[in-house]
1. Of (1) under 22 Å from Ile118 (Cβ atoms); (2) buried (at least 23 other Cβ atoms within 10 Å of the Cβ), Met51 satisfies all except one. Which?
2. Could you tell me how many of the residues in the range 1-21 are within 17 Å of Pro127 (Cα to Cα) and either buried (at least 24 other Cβ atoms within 10 Å of the Cβ) or of a type in the set (Val, Ile, Thr) (or both)?
3. Hey, among the residues in the range 367-383 that are surrounded by 22 or more Cβ atoms within 10 Å (Cβ to Cβ) and not hydrophobic (A, V, I, L, M, F, W, C), which one's modelled with the highest pLDDT?
4. Is one or more of the residues making up the range 206-215 under 30 Å from Glu53 (Cα atoms), among the acidic types (Asp, Glu) and surrounded by fewer than 19 Cβ atoms within 10 Å (Cβ to Cβ)?
5. Return the only residue of Ala331, Ala367, Ala391 being of a type in the set (A, V, I, L, M, F, W, C) and in contact with a His (Cβ under 8 Å, 6 or more places away or on another chain).
6. Only one of Phe314, Phe320 is closer than 30 Å to Thr365 by Cα, aromatic (Phe, Trp, Tyr) and either in contact with a strand residue (DSSP E or B) (Cβ under 8 Å, 6 or more places away or on another chain) or in contact (Cβ under 8 Å) with a residue 60 or more places away in the chain (or both). Can you tell me which?
7. Please verify whether the range 155-163 includes one or more residues that are under 22 Å from Lys84 (Cα atoms), in contact (Cβ under 8 Å) with a residue 60 or more places away in the chain and not in a loop (DSSP other than H, G, I, E, B).
8. Considering each residue of the range 25-81, count those that are more than 20 Å from Lys126 (Cβ to Cβ), of a type in the set (Phe, Trp, Tyr) and in a helix (DSSP H, G or I), and give that number.
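The values are calculated or read from the model by the stated rules, or taken from the named source; none is laboratory data. No experiment lies behind these values; they were computed from the predicted model shown. All Cβ positions, glycine included, derive from the backbone under ideal geometry; neighbour counts span all protein chains shown.
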Amino acid sequence: MAAEVTNKYPRGIPYIIGNELAERFSYYGMRGILVVFMTQYLMSQGQTAPMTENEATKWYHVFSMANYFFPIIGAIISDVLWGKYKTIITLSIVYVLGHVALAIDESRIGLSIGLTLIAIGAGGIKPCVSAHVGDQFEDKNKHLIEKMFGYFYFSINLGAAVSTLLTPVLLDKYGPHVAFGVPGLLMLIATIVFWMGRKVFIAIPPVGWEAYKKDIFSEKGKKAIINLSIMYIFIAVFWSLFDQTGSSWVLQAEKMDKWVDLGFVKFELLASQIQAINPLLIMIFIPLFTSVLYPAAGKFMRMTSLKKIIIGMFFAGLSFAILAVAESIIASGGTPSILWQFWAYVILTAGEVMVSITGLEFSYTQAPNSMKSFIMGLWFLSVSLGNGFTAIVNQLIVNPDGTYKLDSTEYFWFFAIVMAVTAVLFIFVASRYKEENYIQTRDALPNPLLTEN
């Protein structure tokens, strides 16, 4: 007898998508203006006391590092104690409080408190949300997971695109209180939307410490952790480059000609608005890659997940090579067009589709059923590691007299070369990786949310 197959999506999916759309608006809106806020608006005893570009870059990447470190903590809390739903709803409240701190206090104290709470809240829910998406599926509709992760990523980037265009304008026109307050309001809305789906979610209950420990140290658990951790070390270098779109890319954009002439309209972008190109391109590239490019490439070669990731790494390195050339023009006294960054974004975004979306789905399928959130936490830990690497580089390149060991052009070439070398080395690692395929099963599994309400 053939197994039942359905093309119907789980009932909880709209609430997760709605939550992710608003939450990502909140996060990317806040993050998109951080460097500009720190270098131009930061206050001290009632007076503006901005950071240097190098100091702001370090702060930005230390925050990003913390934001992607806490997923491993959130994953353990979720899998052992609370389950994904309770972890998401509880830490979302912490997240909202972080936005409140940023909105009411423009000093370094407010910045520190706000970013700490956001790192705990946003970081803690990251592995739970992506794993919660996968948990909604079972054998009869598991063939929809790939498309679902595409829609999930689409919602992330829709929220990011709108907020990255809007929030810099709010900062420019109304100041930090409004610019940070609006993302805080969206985070509150995201929390409410997620709470509204509580009665229809498939909620996998926590397994408890004993079972969790047993699974982690089982042969399957150790194999998954070791194999994926090795892979994530290489992917961390990709994130080291990618997350600089909010730091070194913004600082470079400040020195470019930001006028855009479309023929029928001409306008000037704010430096932090250029980041909106990335999520806008993502929304185009997701269906393009999934429906056109991958099937076309599949006629000539088997496009495995690991092959996609390798190609994406090379793309990231190429994007930084383009910026290095643009930076050399700036260093020579020129004012290059913002189109240099546009084409760099096109290439980097193609790399993101091949590394991030593929890696997210691949990580879920490689994780044993009781370790979904934990493995997602490890995935995000690679982002933390990448941002830590960038922060360390920015610390080490400063000489005692305030000059830099790498000039602006050398800085971009350094990361381009590091990424290219990493991609070459990863080819050998990927050739030895043996894939698994774990899909969550729920035979006779009750929904604890339904039984409690």
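1. Of the numbered conditions (1) under 22 Å from Ile118 (Cβ atoms); (2) buried (at least 23 other Cβ atoms within 10 Å of the Cβ), the odd one out for Met51 is (2).
2. Counting residues in the range 1-21 that are within 17 Å of Pro127 (Cα to Cα) and either buried (at least 24 other Cβ atoms within 10 Å of the Cβ) or of a type in the set (Val, Ile, Thr) (or both) gives 5.
3. Result: Ser382.
4. no
5. Values: Ala331 fails: in contact with a His (Cβ under 8 Å, 6 or more places away or on another chain); Ala367 fails: in contact with a His (Cβ under 8 Å, 6 or more places away or on another chain).
Every option except Ala391 fails the conditions.
6. Only one candidate passes the filter, namely Phe314.
7. yes
8. Kept after step one, since they are more than 20 Å from Lys126 (Cβ to Cβ), are these residues of the range 25-81: 33, 35-59.
Filter once more, so that each one left must be of a type in the set (Phe, Trp, Tyr): 37, 41, 59.
Still in the running and in a helix (DSSP H, G or I): 37, 59.
Final tally of qualifying residues: 2.
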